[in-house]
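Visitor: Structure provided below as structure tokens; questions to follow.
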Amino acid sequence: MYLHLGQDTVIRKDDIIGIFDIDTSTVSVITRKYLTKKEKDGNCITVSYELPGSFVVCADKKGTETVYILQLSASTLN
């Protein structure tokens, strides 16, 4: 199965590690450092340039993690 994140971005549901609400999860310093590192490494994809509502962490079969930042809320994606 696949999950449409918006725009032209579709991911496999089997690759999803977690779906996180951006407002509640970025309170933690550890989460902010994680997102900053993924962005610097080039493993962060912004799906929409609207106000972000959530982010999705995925890993492919090789174990490479990718973070998708999108405007949809975590509850909508779930």
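Visitor: When you check K38 against the structure, is it part of a loop (DSSP other than H, G, I, E, B) and of a type outside the set (V, I, T), yes or no?
Guide: So K38 does not fit the description; no.
Visitor: Right, another one. Could you list, in sequence order, all residues of region 35-44 that are open to solvent by less than 70 Å² (accessible area, probe 1.4 Å) and either among the polar types (S, T, N, Q) or at negative phi (or both)?
Guide: Listed by number, the residues that qualify are L35, T36, K38, N43, C44.
Visitor: Residue by residue through region 46-59, note down the ones that are open to solvent by 70 Å² or more (accessible area, probe 1.4 Å) and either touching a residue at least 12 places away in the same chain (Cβ under 8 Å) or in a strand (DSSP E or B) (or both).
Guide: Correct list: E50, L51.
Visitor: Something else now. Looking only at region 1-46, count every residue that is in contact with a helix residue (DSSP H, G or I) (Cβ under 6 Å, 6 or more places away or on another chain), of a type in the set (V, I, T) and under 11 Å from Y68 (Cα atoms) and tell me the total.
Guide: The qualifying residues number 1.
Visitor: How many of the residues in region 1-54 are touching a strand residue (DSSP E or B) at 6+ places or on another chain (Cβ under 7 Å) and aliphatic (A, V, I, L, M)?
Guide: Result for region 1-54: 11.
The values are calculated or read from the model by the stated rules, or taken from the named source; none is laboratory data. Only a predicted model underlies this, so the values are computations on that prediction, with no experimental measurement involved. Glycine also receives a Cβ, built like all others from the backbone with ideal geometry; neighbour counts cover every protein chain displayed. Only protein heavy atoms, including side chains, enter the accessible area calculation; ligands, DNA and RNA are left aside. Shrake-Rupley method; radii C 1.70, N 1.55, O 1.52, S 1.80 Å.
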